[in-house]
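Presented below is the structure to which this report refers.
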Amino acid sequence: MTWETHDDGPIVLAGPTGVGKTTVARALAADRDRFVFSVSATTRRPRPGERDGADYEFVSREEFERMVGAGEFAEWARVHDQLYGTPLRNLAGDDGRRVLLDIDVQGAAQVRGNVPSAVFVFLLPPSLGTLLTRLSGRGTEPRNEIARRLGVARDELARVPEFDHVLVNDDLDATVAAVRAIARGDGSAAGSPGAAREEAEALRRGISTLLARDFDILSE
Ligand code: 5GP
C-alpha cells in the first residue's frame with residue numbers, strides 16, 4: 001500500500017516523550033482550513049495552562065472506562081500510568097480537513113489496525129543528548145525515572161520500521177513543512193526514510209549503551 005492512497009486519512013504523529021509532537025501538531029493545526037487537532041481524552045490531571053476540551057478532554061477513570069466499554073475510542077492506551085484515548089468521533093473529518101493525532105506508539109499500532117487510510121509519521125529527536133535533556137525534565141527527575149523513560153524511548157524507537165515516514169525534529173518549521181508535504185501526498189519532500197531509519201537505530205543503540213554504562217537499572 002502506498003501513501004498516495006491515503007490522501008485524506010488522519011495523520012498520526014508519534015515518537016518519544018519530549019520529541020515535540022504536540023508543538024508540531026499545534027503548529028500545523030494553526031492552519032484551521034487544512035488541519036484539525038484530535039483532542040484526546042485522558043485521566044491525567046491538567047497541567048498549568050492546559051484547557052479542558054482544547055488540550056485534552058480531562059475525564060475521571062470511571063468515565064474513561066465507560067467510554068472504553070461503550071466502544072467510543074478509535075484507540076486507547078496506558079501511558080506513564082494514565083489512560084489516553086482518541087474518541088472515534090474525532091476521526092470523522094468530513095469537512096475536508098486532515099485530522100492530526102498526537103499519540104503514543106501503542107495507540108498508533110491500534111490506529112494502523114482500525115483506520116486503513118491513516119498516515120504514520122514518527123518524529124525523532126535530533127540527538128541522544130537532546131533526548132536525554134528533554135527526558136530529564138528540569139533536572140528534577142530522579143535517576144531511576146530518567147532511566148525508565150530512556151527504556152520506554154528505546155522500545156518506542158524499535159517500532160520505527162512500522163511507520164510510513166520518519167522525520168528528525170531538528171527545526172520546528174522544517175518539520176511542519178515536511179508534515180504538510182506528507183499531507184499533500186508528497187512524501188519524497190520529507191527526506192530520505194532510509195537515513196532517518198538508520199538514525200533511529202543509532203539512537204536506540206546509543207540508549208542501550210547509556211543505560212548499560214551509566215544506569216544499571218534498565219541495562220539489557
Ligand atoms: P502528555 O501527558 O505528556 O500530554 O502525553 C503523554 C503521552 O501520551 C504522549 O506520548 C502523547 O502523545 C500520548 N497521548 C496523548 N493522547 C493520546 C491518545 O489519545 N492516545 C494515545 N495512545 N496516546 C496519547
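This table checks each residue for (1) more than 10 Å from the ligand (Cβ to nearest atom); (2) assigned to a loop (DSSP other than H, G, I, E, B).
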| position | (1), (2) |
| --- | --- |
| Pro16 | no, yes |
| Ala25 | no, no |
| Leu28 | yes, no |
| Arg32 | yes, yes |
| Gly49 | yes, yes |
| Ala54 | yes, yes |
| Glu57 | no, no |
| Phe64 | yes, no |
| Val99 | yes, no |
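Only one residue in Thr130, Thr175, Thr140, Thr209 is closer than 17 Å to Gly20 by Cα and either open to solvent by 20 Å² or more (accessible area, probe 1.4 Å) or more than 16 Å from the ligand (Cβ to nearest atom) (or both). Which one?
Thr130
Scanning the stretch 43-80 for residues that are among the hydroxyl-bearing types (Ser, Thr, Tyr) and out of contact with any helix residue (DSSP H, G or I) (no Cβ under 8 Å at 6 or more places or on another chain), which turns out farthest from Leu101 (Cα to Cα)?
This residue is Ser60.
Condition first: touching a Leu at 6+ places or on another chain (Cβ under 8 Å), within 21 Å of Pro161 (Cβ to Cβ) and surrounded by 12 or more Cβ atoms within 10 Å (Cβ to Cβ). Can you find one or more residues in the stretch 1-11 that meet it?
Yes, the stretch 1-11 contains a residue that is touching a Leu at 6+ places or on another chain (Cβ under 8 Å), within 21 Å of Pro161 (Cβ to Cβ) and surrounded by 12 or more Cβ atoms within 10 Å (Cβ to Cβ).
Output the residues belonging to the stretch 1-14 that are part of a loop (DSSP other than H, G, I, E, B) and modelled with pLDDT under 95.
Scanning the stretch 1-14 gives Met1, Thr2, Asp7, Asp8, Gly9.
What number goes with the only condition from (1) farther than 13 Å from Gly15 by Cα; (2) in contact with a Ser or Thr (Cβ under 7 Å, 6 or more places away or on another chain) that Leu167 does not pass?
Against the list (1) farther than 13 Å from Gly15 by Cα; (2) in contact with a Ser or Thr (Cβ under 7 Å, 6 or more places away or on another chain), Leu167 comes up short only on (1).
This table checks each residue for (1) acidic (Asp, Glu); (2) within 19 Å of Gln110 (Cβ to Cβ); (3) modelled with pLDDT under 95.
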{"position": "Pro48", "(1), (2), (3)": "no, no, yes"}
{"position": "Arg51", "(1), (2), (3)": "no, no, no"}
{"position": "Tyr56", "(1), (2), (3)": "no, yes, no"}
{"position": "Ser60", "(1), (2), (3)": "no, no, no"}
{"position": "Phe64", "(1), (2), (3)": "no, yes, no"}
{"position": "Gly71", "(1), (2), (3)": "no, yes, no"}
{"position": "Ala77", "(1), (2), (3)": "no, yes, no"}
{"position": "His80", "(1), (2), (3)": "no, yes, yes"}
{"position": "Tyr84", "(1), (2), (3)": "no, yes, no"}
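Select from the stretch 65-92 the residues that are open to solvent by 30 Å² or more (accessible area, probe 1.4 Å), among the small types (Gly, Ala, Ser) and under 23 Å from Val179 (Cα atoms) and list them in ascending order.
Once the filter is applied, which keeps residues that are open to solvent by 30 Å² or more (accessible area, probe 1.4 Å), among the small types (Gly, Ala, Ser) and under 23 Å from Val179 (Cα atoms), the stretch 65-92 yields only Ala92.
Within the stretch 77-92, restricting attention to residues that are assigned to a loop (DSSP other than H, G, I, E, B) and farther than 13 Å from Val36 by Cβ, which residue is farthest from the ligand (Cβ to nearest atom)?
Asp81
For the stretch 112-132, how many residues meet the condition of being over 21 Å from Ile146 (Cβ atoms) and more than 12 Å from the chain's Cα centre (by Cα)?
Final tally of qualifying residues: 8.
Please go through the stretch 101-119 and give me each residue that is in contact with a strand residue (DSSP E or B) (Cβ under 8 Å, 6 or more places away or on another chain) and assigned to a loop (DSSP other than H, G, I, E, B), ordered by number.
Once the filter is applied, which keeps residues that are in contact with a strand residue (DSSP E or B) (Cβ under 8 Å, 6 or more places away or on another chain) and assigned to a loop (DSSP other than H, G, I, E, B), the stretch 101-119 yields Ile103, Asp104, Val115, Ala118.
Applying the selection to the stretch 37-64, what residues are buried (at least 19 other Cβ atoms within 10 Å of the Cβ), under 27 Å from Val179 (Cα atoms) and among the β-branched types (Val, Ile, Thr)?
Thr42
Would you confirm, using the coordinates I've provided, whether Thr133 is without any contact (Cβ under 8 Å) to a residue 24 or more places away in the chain and over 14 Å from Leu210 (Cβ atoms)?
no
The values are calculated or read from the model by the stated rules, or taken from the named source; none is laboratory data. Keep in mind the model is a prediction, meaning the values are calculated, not measured. Cβ coordinates were reconstructed from backbone atoms using ideal geometry, including for glycine residues, and neighbour counts include every protein chain displayed. Heads up: the accessible areas ignore ligands, DNA and RNA and are worked out on the full protein's heavy atoms, side chains in. Shrake-Rupley method; radii C 1.70, N 1.55, O 1.52, S 1.80 Å.
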